[in-house]
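Working notes, beginning with the structure itself.
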Amino acid sequence: MDDLLEQARPFPAATLLEASARKGALPSGIKPVWPGARIVGRALTVQSPPCDNLWLHRAIYAARPGEVLVVHTGDYYEAGYWGEIMACAAQQRGIAGLVIDACVRDRDMLEDFGFPVFARGLCIRGTGKDVQARGSIAAPVTIGGVTVHTGDLVVADADGVMVLQADEVAETLTRAQAREDKEAGILEQLRQGASTLDLYNFPPGDITRDPR
């Protein structure tokens, strides 16, 4: 069992980002395709040729149970690289989810399956399957300035997608727990009437309301 993975499961993506010195956030345009989708797993990286999804099909059968496919498509977004057939195949393989810097389709079926997908959006345009096109599986990919390696920790929820380098997970989880504990105390103080200005030592400035 991946103990660090299980320890990471309760934490929101935003908490892990703050605990990692704000490193590892993928672009905000990559969002959950259906409400409530959430991913926690180790990355299997995929470089796909633009407007072609053959390497994604291959990755389904290269992946280990619990891995998350993290896919870069050469910055070509306007195609549906993934849909219900691939989601069904991925579930049968035990894949934990898909993060793709492009679009997908079959949103309703993905939700019905409960297969979590984070993508740039939805697109009904199809893709090719060129057997000669160059791609890769398990080589690093860079998405929005963040380089993702196979084995990195991926946490994705309604707020966004966070990637932690494998060798930084343990330390980040320790900081994340400390942050959660501290914020629980702050919430309690706010409920007791404290102000955020006092708790964070922010200068109050002039907060007098205009009488008009």
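The values are calculated or read from the model by the stated rules, or taken from the named source; none is laboratory data. Please read these numbers as outputs of a predicted model, since none were measured by experiment. Heads up, the Cβs are rebuilt from the backbone with ideal geometry, glycines too, and the neighbour counts pull from every protein chain shown. Heads up: the accessible areas ignore ligands, DNA and RNA and are worked out on the full protein's heavy atoms, side chains in. Shrake-Rupley method; radii C 1.70, N 1.55, O 1.52, S 1.80 Å.
Tabulated results
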{"quantity": "Which listed residue, of ARG120, ARG105, ARG134, is among the basic types (Lys, Arg) and under 16 Å from the mean Cα position of the chain (by Cα)", "calculated": "ARG120"}
{"quantity": "Filtered residue count, segment 97-135, keeping only those that are open to solvent by less than 70 Å² (accessible area, probe 1.4 Å) and free of Cβ contacts under 8 Å to residues at least 24 places away in the same chain", "calculated": "1"}
{"quantity": "Total residues in segment 8-28, condition part of a loop (DSSP other than H, G, I, E, B) and either under 11 Å from the mean Cα position of the chain (by Cα) or of a type in the set (Gly, Ala, Ser) (or both)", "calculated": "7"}
{"quantity": "Flag if THR142 is in a loop (DSSP other than H, G, I, E, B) and at pLDDT 95 or above", "calculated": "no"}
{"quantity": "Those residues of segment 179-206 which are without any contact (Cβ under 8 Å) to a residue 60 or more places away in the chain, of a type outside the set (Asp, Glu) and part of a helix (DSSP H, G or I), in sequence order", "calculated": "LYS182, ALA184, GLY185, ILE186, LEU187, GLN189, LEU190, ARG191, THR196, LEU197, LEU199"}
{"quantity": "Residue under evaluation GLN92, criteria (1) open to solvent by less than 70 Å² (accessible area, probe 1.4 Å); (2) within 16 Å of ALA63 (Cβ to Cβ), criterion not met", "calculated": "(1)"}
{"quantity": "Residue list for segment 159-178, filter: assigned to a loop (DSSP other than H, G, I, E, B) and open to solvent by 90 Å² or more (accessible area, probe 1.4 Å)", "calculated": "ASP159"}
{"quantity": "Unmet criterion (only one of (1) farther than 26 Å from PRO35 by Cα; (2) exposed (fewer than 15 other Cβ atoms within 10 Å of the Cβ); (3) touching a strand residue (DSSP E or B) at 6+ places or on another chain (Cβ under 9 Å); (4) not aromatic (Phe, Trp, Tyr)) for HIS149", "calculated": "(2)"}
